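The values are calculated or read from the model by the stated rules, or taken from the named source; none is laboratory data. Just so you know, these numbers come straight off a predicted model, no measurement behind them. Every residue, glycine among them, receives a Cβ derived from its backbone with ideal geometry; neighbour counts consider all protein chains shown. Accessible surface is based on the protein model in full, side chains and every heavy atom, while ligands, DNA and RNA are left aside. Shrake-Rupley method; radii C 1.70, N 1.55, O 1.52, S 1.80 Å.
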Amino acid sequence: MKALAVILLCTLAVFNPSSAQDSFPFQNQELDREARINDLISRLTTEEKISLMVFTSPAIERLGIPEYNWWNESLHGVARAGQATVFPQAIALAATFDTNLLYRVATAISDEARAKYNAFQKKGVRLQYAGLTFWSPNVNIFRDPRWGRGQETYGEDPYLTSQMGRNYVLGLQGDDENYLKAAACAKHFAVHSGPEKSRHSFNAKPEKFDLYDTYLPAFKVLSDAGVEAFMCAYNQVNDHPCCANDFLINEILRGKWGFKGHIVSDCWAISDFVKFQDYSETEAEAAAAALLAGVNLNCGSTYPFLAEALEQKLITEDDIDNALKPLLRTRFKLGMFDKTGSTPYDNIPPEIINNQKHIDLAREAAQKSIVLLTNKDKALPLDRKEVHKLFVTGPLAADNMALLGNYNGLAANLVSPLEGIIGQAGADVVIDYSVGTQLAKSDKFHGMWQAQASDAVIVFLGNNRLLEGEDGDAMLSDHGGDRISIELPDNQIELVRRLREETDAKKLIVVISGGSAIACPEITELADAVLFNWYPGEQGGNAIADVLFGDVNPSGRLPLTFYKSTDDLPAFDDYSMKNRTYRFYKGDVLFPFGHGLSYSTFDYGKAKYEVDEKRGLIRLKLDIQNTSGRDGTEIVQVYARPEEDNPSGLNKKLVAFCPVAIKAGQKKSLDIEIPLENLRIYDVDSETYKLPKCKTALQIGSSSERIEEELQIGL
């Protein structure tokens, strides 16, 4: 038996479709792609067709079709497949408010994806995480900061999410007219944002306005951008599982939006119809329900029951053929049925993986994601000439888990904050370190004597991927990866309090890591400056040191609201947007959406606008001057605010944003085009998106609350 196993392994390793018979029409690259797809389907048996609709698609050797595993991840770098550049987590990339940067990051990811795929192909490796179909990005709306997977998203705002997601898709899929560089997937469709523990059984019942105005817009933008795939979510929406939801998939996605790509189930979501949702009595019924709803690919083990469903006449052979076509189309578009060298990506070499250019890009992205929350009396940046002794402490100062976030890759040279500071402080600076306290639930504290007489104490607090993330992955979480409290652990607060009260440190700087909003009013009172670091990727330590020492001027902005307390939040399982996010929340907050300080100061000139009805947009013009002696980047944000009460309860909504780099003392003139489409709000009565009936103001500023200019507009 052992000898037979070795022979089989060797056979799999050397199997090459290009060496198989190539006389079939579907292998003829001169033929129309649809004709090739139809020819291939005509040659498959029913059993073979069904096997190709499961994520672990086997080889069909008689036709020269190699096996293929559809499951791959690339949320912020090629994940779970060995060496790859680890970029900042998605929520950190959103904090840059820089769509061009995200496009460049996604392009680098797809370069590495193709390089790894090419190397895997040469070796005959077709394992999970070795393919080109990536189940990213996550464009769910981060409606509640307790959701552990919110770190995978681009925040709480539909417009910011849609623009960041769109540029990720464009960068990942490439710009070739005939071939995809890699296939992106918009997930999780739709109305999916926790709680994690009940995701397999939960039934979300959003109000119609919220469904169309909050939960669907980003998915629509990605569909329009040509994203190759959608992933349907685990949960139910209005009593129907997302993966058997005819309304969401056929009426909205396939019908109104005209989506032509393929749909994959979240992993083992179809089996949830039977196990947790009481929607289907048997696996065959569950498989039939998903197939008829429009799900093409099963991540799981339910679709083999399609053979039984066919016997029971729950489905037809045509249903199977129609579902298989989009899957085969994706594989053809990736060049998987063409000779090596046919796509412009077949020769991308492995040397590009985690090369210096990509490492530098990871550092740039991390730098631009860091948010300066507070800076009392210009405590930051630290002046190397005046700093003689530094004390670095806190449970996350040397913790690589706080660099990675979830759905991550691995790099050979992860740089922790402690390492970054040591590398950049200079040889003439005394640096000491202590962990200070544990992440949580500790009554032990250390480092007070080391902090004495320090010019600055830098404390690294917050969460890491072990405490928040996906159910089953965040191994130290007691709540399925979610947080029931958005506050810092008591012992982390106590560490900062003791450092403040028991030492004579001149400056107390706190750096907080995490994938979500953290309520930290005590820290903002105790610390001289507070930075939010997210999960910054492999170059996170260097990036934070760059900002601390002033080599980089911080420009990150919060892509979600930081509330004062968990008590400010509605029930976690309430999917109404009432009193959620900056768009609807009525109370005071700790830090508003869009907030972030700079070492520079900026002055906004008088703004003017004109409506270009022919082009369907507003042209906004204004000047911004850097009034400081330091080069900096201002993130200009434009919000539309209804001037009168409106039925939706909307406070305001982001309609444009623009990073603007301005030299010290210089002025820049901006011309911002805002599509009127961005101002539309869903009207429940007419079931269409309309411009507000009431008067609207355009607010221009550096956050949703720090408004520098306001214009009343007539539409």
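Screening the candidates LEU63, LEU52 for the property of being over 31 Å from the mean Cα position of the chain (by Cα) and more than 21 Å from ALA365 (Cα to Cα) yields one hit, LEU63.
For the structure I just gave you, tell me whether ARG557 is surrounded by fewer than 24 Cβ atoms within 10 Å (Cβ to Cβ) and not acidic (Asp, Glu). No; evaluated as a whole, the condition is false for this residue. Taking helices (runs of 4 or more DSSP H) as the structural unit, those lying wholly within the stretch 1-88 and holding at least 3 residues that are modelled with pLDDT under 95 correspond to 2-14. Applying the selection to the stretch 206-261, what residues are in contact (Cβ under 8 Å) with a residue 24 or more places away in the chain, part of a helix (DSSP H, G or I) and of a type in the set (Phe, Trp, Tyr)? Result: PHE209, TYR212, TYR215, PHE219. Entry remark, the stretch 429-449: residues being open to solvent by less than 30 Å² (accessible area, probe 1.4 Å), among the hydroxyl-bearing types (Ser, Thr, Tyr) and within 14 Å of VAL459 (Cβ to Cβ) number 2 in total. Taking each residue of the stretch 339-352 that is under 19 Å from PRO25 (Cα atoms) and looking for partners that are in a helix (DSSP H, G or I) with beta-carbon atoms closer than 8 Å, six or more apart or interchain, yields LYS339/SER18; THR340/SER18; THR340/GLN121.
Just give me the residues in the stretch 151-199 being in a helix (DSSP H, G or I), open to solvent by less than 10 Å² (accessible area, probe 1.4 Å) and among the hydroxyl-bearing types (Ser, Thr, Tyr), in sequence order. Across the stretch 151-199, the qualifying residues are THR161, SER162, TYR168. Just one of the listed residues (ALA543, ALA505, ALA529) is crowded, with 17+ Cβ neighbours inside 10 Å, modelled with pLDDT of 95 or more and under 19 Å from LYS389 (Cα atoms), namely ALA529.
Of all the criteria given as (1) open to solvent by less than 40 Å² (accessible area, probe 1.4 Å); (2) in a loop (DSSP other than H, G, I, E, B); (3) closer than 20 Å to ASP383 by Cα, the one not satisfied by ALA453 is (1). Tell me, please, whether a residue that is touching a residue at least 40 places away in the same chain (Cβ under 8 Å), of a type in the set (Val, Ile, Thr) and open to solvent by 70 Å² or more (accessible area, probe 1.4 Å) can be found in the stretch 483-500. Checking the stretch 483-500: at least one residue is touching a residue at least 40 places away in the same chain (Cβ under 8 Å), of a type in the set (Val, Ile, Thr) and open to solvent by 70 Å² or more (accessible area, probe 1.4 Å). Within the stretch 452-486, the set of residues being touching a Pro at 6+ places or on another chain (Cβ under 9 Å), at pLDDT 95 or above and farther than 25 Å from ASP546 by Cβ comprises ASP482, ARG483, ILE486.
The residue that is least open to solvent (accessible area, probe 1.4 Å), counting only those in the stretch 105-150 that are aliphatic (A, V, I, L, M) and over 28 Å from ARG363 (Cβ atoms), is ILE141. Among the residues of the stretch 286-311, just one is assigned to a helix (DSSP H, G or I), open to solvent by 40 Å² or more (accessible area, probe 1.4 Å) and in contact with a strand residue (DSSP E or B) (Cβ under 8 Å, 6 or more places away or on another chain), namely PRO304.
When the stretch 272-282 is filtered for residues that are open to solvent by 10 Å² or more (accessible area, probe 1.4 Å) and under 14 Å from ASN245 (Cα atoms), the ones remaining, listed by number, are GLN277, TYR279, SER280.
Tell me, yes or no, whether the stretch 617-627 has at least one residue that is open to solvent by less than 10 Å² (accessible area, probe 1.4 Å), modelled with pLDDT of 95 or more and more than 23 Å from THR96 (Cα to Cα). Yes, some residue in the stretch 617-627 is open to solvent by less than 10 Å² (accessible area, probe 1.4 Å), modelled with pLDDT of 95 or more and more than 23 Å from THR96 (Cα to Cα).
Pairs are defined by a Cβ separation below 6 Å, a sequence spacing of at least 6 or placement on different chains, a first member in the stretch 657-677 that is on the phi > 0 side of the Ramachandran plot, and a second member that is outside any strand (DSSP E or B) and at pLDDT 95 or above; no pair meets this definition. Being touching a strand residue (DSSP E or B) at 6+ places or on another chain (Cβ under 7 Å), crowded, with 24+ Cβ neighbours inside 10 Å and either closer than 27 Å to GLU468 by Cα or free of Cβ contacts under 8 Å to residues at least 12 places away in the same chain (or both) is the requirement here; does ALA95 meet it? Taking the combined requirement at face value, the residue satisfies it. From the list LEU324, LEU380, the one residue that fits, being farther than 24 Å from ALA183 by Cβ, open to solvent by less than 20 Å² (accessible area, probe 1.4 Å) and either assigned to a helix (DSSP H, G or I) or touching a residue at least 24 places away in the same chain (Cβ under 8 Å) (or both), is LEU380. Taking the stretch 566-648 and the strands (runs of 3 or more DSSP E) fully enclosed by it, the elements with 1 or more residues that are small (Gly, Ala, Ser) and under 18 Å from ASP213 (Cα atoms) are at 632-642. Does LYS608 satisfy the criteria of being exposed (fewer than 14 other Cβ atoms within 10 Å of the Cβ) and either in contact with a strand residue (DSSP E or B) (Cβ under 7 Å, 6 or more places away or on another chain) or touching a residue at least 40 places away in the same chain (Cβ under 8 Å) (or both)? For LYS608, the condition - exposed (fewer than 14 other Cβ atoms within 10 Å of the Cβ) and either in contact with a strand residue (DSSP E or B) (Cβ under 7 Å, 6 or more places away or on another chain) or touching a residue at least 40 places away in the same chain (Cβ under 8 Å) (or both) - is met. In the stretch 666-711, of all residues being acidic (Asp, Glu) and farther than 17 Å from ILE635 by Cα, the one that is least open to solvent (accessible area, probe 1.4 Å) corresponds to ASP683.
The lone criterion from (1) outside any helix (DSSP H, G or I); (2) in contact with a Ser or Thr (Cβ under 6 Å, 6 or more places away or on another chain); (3) open to solvent by 10 Å² or more (accessible area, probe 1.4 Å) left unmet by LYS368 is number (1).
The rows are residues; the columns are (1) in contact with a Leu (Cβ under 7 Å, 6 or more places away or on another chain); (2) assigned to a loop (DSSP other than H, G, I, E, B).
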| position | (1), (2) |
| --- | --- |
| GLU386 | no, yes |
| VAL392 | yes, no |
| GLU419 | no, no |
| GLN424 | no, no |
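Among the residues examined, VAL511 does not qualify as in a loop (DSSP other than H, G, I, E, B) and buried (at least 20 other Cβ atoms within 10 Å of the Cβ).
So that you can scan it fast, the table gives a plain yes or no per residue for (1) assigned to a loop (DSSP other than H, G, I, E, B); (2) touching a helix residue (DSSP H, G or I) at 6+ places or on another chain (Cβ under 9 Å); (3) farther than 26 Å from GLU112 by Cβ; (4) open to solvent by less than 10 Å² (accessible area, probe 1.4 Å):
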site: ILE270; (1), (2), (3), (4): yes, yes, yes, yes
site: ALA284; (1), (2), (3), (4): no, yes, yes, yes
site: LYS313; (1), (2), (3), (4): yes, no, yes, no
site: ASP319; (1), (2), (3), (4): no, yes, yes, no
site: PHE332; (1), (2), (3), (4): no, yes, no, yes
site: ASP338; (1), (2), (3), (4): yes, yes, no, no
site: ASP346; (1), (2), (3), (4): yes, yes, no, no
site: LYS357; (1), (2), (3), (4): no, yes, no, no
